[in-house]
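Taken together, the values in this text are just the output of simple stated rules run on the coordinates, not laboratory data. Just so it is clear, the model here is predicted, and its values are computed rather than measured. All Cβ positions, even for glycine, are placed from backbone atoms using ideal geometry, and neighbour counts span all protein chains on display.
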């Protein structure tokens, strides 16, 4: 059994791994406890339900990723380079996951959200909230690129929504095809959506 001091974190780590590599429906409280090495009684000491631990785990995971995104989207980095870095990070992450797990896992938020959106409203709302945070990073880069006249995009919020849909769509396609190479086209597609021609993309 995991120490009391880390049992809660073990449970959160376990639920995220099981859902991402499998599905929410196939993940049970027993399997979460087994993965975490925590007794079932301890699970209910910390959490009320599977949905409760999933919501808490997603929030905790997001808080851990913010520093990473702050670095990728640092104001010290040119705006279009921030977007390119974000795309390259996604490719590296999915390639590493395939080496580790044997398959491309795609975005955990979209994978989970598409499965539970009609069933677990609290969980759906948490996923939507976190996706909104991700979108704001992209939006800020677009605003800065427009301000420095690198692109013509006065509608930064709308462009960010379009880019997020494209980005997440390719991640889902990569998961379905089990092929991280699908993500190689992310920068080209996103820059085209921002109105950059091929020569401008190479210079960005």
Over the chain, what is the relative contact order in percent, taking alpha-carbon pairs closer than 8 angstrom and at least six residues apart?
20
Pop a pseudo-label 7 angstrom from the Cα along the beta-carbon direction at both residue 114 and residue 177 and give the gap in nm to one decimal.
1.4
Using Cβ counts within 10 Å as a stand-in for footprinting exposure, how do 176, 151 rank, fewest first?
176, 151
Taking Cα centroids, how far is the stretch 22-80 from the stretch 106-137 in Å?
12
Longest to shortest principal axis, alpha-carbon extents of the stretch 1-56, angstrom
27, 18, 16
Under a plain spin-label model, where a point goes 7 Å from the Cα along Cα-to-Cβ, how far apart in nm are residue 149 and residue 95?
3.7
How large is the Kirkwood hydrodynamic radius of the stretch 42-123, in angstrom, based on all distinct alpha carbon pairs?
15.2
May I ask you to sort 27, 76 by Cβ crowding, counting other Cβ atoms within 10 Å and putting the fewest first?
76, 27
Please compute, over every Cα-Cα pair in the chain, the percentage with a separation greater than 25 angstrom.
43
Using only DSSP helix segments of four residues or longer, with each worth -39500 (n - 2.57), what per-residue ellipticity at 222 nm results for the chain after dividing by its residue count and rounding to 500?
-24500 deg cm²/dmol
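Tell me, 190, 29 in order of fewest to most beta-carbon neighbours within 10 Å?
Lowest count first: 29, 190.
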Going by average Cβ neighbours within 10 Å, how do the peptides 113-122, 161-170 rank, with the highest at the top?
161-170, 113-122
